[in-house]
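Asks: Quick one: this structure, given as structure tokens, is what I'll be asking you about.
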Amino acid sequence: GGNNAGHTVVVDGKEYDFHLFPSGIINPKAISFIGNGVVIHLPGLFEEAEKNEKKGLKDWEKRLIISDRAHIVFDFHQAVDGLQEVQRQAQEGKNIGTTKKGIGPTYSSKAARTGLRVCDLLSDFDEFSSRFKNLAQQYKSMFPTLEIDTEGQLKKLKGYAEKIRPMVRDGVYFMYEALHGSPKKILVEGANAALLDIDFGTYPFVTSSNCTVGGVCTGLGVPPQHVGDVYGVVKAYTTRVGIGAFPTEQINEIGDLLQSRGHEWGVTTGRKRRCGWLDLVILKYAHMINGFTALALTKLDILDVLDEIKIGVAYKLGGKRIPYFPANQEILQKVEVEYETMPGWKADTTGARKWEDLPPKAQNYIRCVENHVGVPDVFSSLVKWVGVGKSRESMIQLF
């Protein structure tokens, strides 16, 4: 992905918003690496750095490495993203609901083999400039209203080139050394979610990259045998930003309650997230693709006040259960959700720090999720963490 997605990270009471920075950038002992699968908007990167420096982030440039094969998001990609959304709205009466951060157009350039990468920016600048001008010209011919200050942008890019030069490395070699050198813990962080994956998501209401587990291999150059544990992160209810089918959505007081209690606004856009009951059909589908070895179930505390809680356990089409997640949006709009209803626990879980502290009804809810998604074997459970608040202390580890 790129800076279209965001992660809010709370450490020692301080709240950081990350878009391009890996969340590990806060840890002074961790090396953060932006891989080749990421598309990088350089002004966005430095703007993000500045915002987080004000919150106390120090010496990030000493801990950040950038792959020389990562593609660059240009300002005109962002302008085009906005124009395309306007065009979709005019032609089809609906848009995709992109963040207008230029992500789609940059991945389009990448796939069309007209994109420019970090290694090009740091190589012969004259060659880079002429390719930049060609790309800009292509977009201008497609969008006559598009205005591009070519010389101004090139001047800025030249400045950014010198700022990032010390951080740029050959990503494949860097990862190879990390995997084969002295033993290290390597954590890969994905942006977006399984249902926004370009191949497996609710197409066309998706992002332009692979945000499922395959992105570890393609986005970093890590061979599959090095992928160890795969952790899924899922809320105790389901949310979606932007448009697209959402079978368990609650457009009622339940949806409003989840939205307000859960502070469900997009980190990047500030848009309200749509909310609904936990959809186990999509969780199972994400599990089919990613093969989770464990799950983190977050925001359990948001459900504390409910009298009863529903879980979407199956989809029906024409009254019959279907065992798969429909690819087609029109069909997905038509599915009927089969729910299981459970009593709410009506107790404050935010103080819970271990499994025993959770009300029995909350424990039942978690076990119900595990049973439906498929416990790997009888002796092990799938939910490894339960989140009952924003802080790190609010994450209960079960095993």
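Yes or no, residue by residue, for (1) among the β-branched types (Val, Ile, Thr); (2) under 19 Å from residue 383 (Cβ atoms):
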| position | (1), (2) |
| --- | --- |
| 247 | no, no |
| 253 | no, no |
| 256 | no, no |
| 279 | no, yes |
| 293 | yes, yes |
| 312 | no, yes |
| 344 | no, yes |
| 348 | no, no |
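Asks: In the range 159-183, which residue that is in contact with a helix residue (DSSP H, G or I) (Cβ under 6 Å, 6 or more places away or on another chain) and within 17 Å of residue 216 (Cα to Cα) is most open to solvent (accessible area, probe 1.4 Å)?
Replies: 179
Asks: So for the range 328-341 (the condition being surrounded by 15 or more Cβ atoms within 10 Å (Cβ to Cβ), under 25 Å from the mean Cα position of the chain (by Cα) and of a type in the set (Val, Ile, Thr)), does at least one residue qualify?
Replies: The answer is no, given that none of the residues of the range 328-341 is surrounded by 15 or more Cβ atoms within 10 Å (Cβ to Cβ), under 25 Å from the mean Cα position of the chain (by Cα) and of a type in the set (Val, Ile, Thr).
Asks: Of the residues that sit in the range 206-222 and are assigned to a loop (DSSP other than H, G, I, E, B) and open to solvent by less than 20 Å² (accessible area, probe 1.4 Å), which one is nearest to residue 107 (Cα to Cα)?
Replies: Selected residue: 209.
Asks: Next question. Could you check residue 295 against (1) touching a Leu at 6+ places or on another chain (Cβ under 9 Å); (2) at positive phi and say which number it fails?
Replies: Going through (1) touching a Leu at 6+ places or on another chain (Cβ under 9 Å); (2) at positive phi one by one, residue 295 breaks only (2).
Asks: Sort out for me the strands (runs of 3 or more DSSP E) sitting completely within the range 1-102 that have 3 or more residues that are open to solvent by 50 Å² or more (accessible area, probe 1.4 Å) and modelled with pLDDT of 95 or more.
Replies: Counting at least 3 such residues, we get no strands (runs of 3 or more DSSP E) at all.
Asks: Has the range 27-44 got at least one residue that is under 22 Å from residue 196 (Cα atoms), without any contact (Cβ under 8 Å) to a residue 60 or more places away in the chain and among the charged types (D, E, K, R)?
Replies: Looking for residues that are under 22 Å from residue 196 (Cα atoms), without any contact (Cβ under 8 Å) to a residue 60 or more places away in the chain and among the charged types (D, E, K, R), one finds none in the range 27-44, hence no.
Asks: Please name all residue pairs, on different chains or six or more residues apart, with Cβ atoms under 8 Å, provided the first residue is in the range 73-99 and is at negative phi and without any contact (Cβ under 8 Å) to a residue 24 or more places away in the chain and the second residue is surrounded by 21 or more Cβ atoms within 10 Å (Cβ to Cβ) and of a type in the set (Gly, Ala, Ser).
Replies: Listed pairs, sorted by first residue: 84/104.
The values are calculated or read from the model by the stated rules, or taken from the named source; none is laboratory data. The structure displayed is predicted, hence computed values, not measured ones. Here Cβ is always computed from backbone atoms with ideal geometry, including for glycine, and neighbour counts include all displayed protein chains. SASA here: full protein model, heavy atoms, side chains in, ligands and nucleic acids out. Shrake-Rupley method; radii C 1.70, N 1.55, O 1.52, S 1.80 Å.
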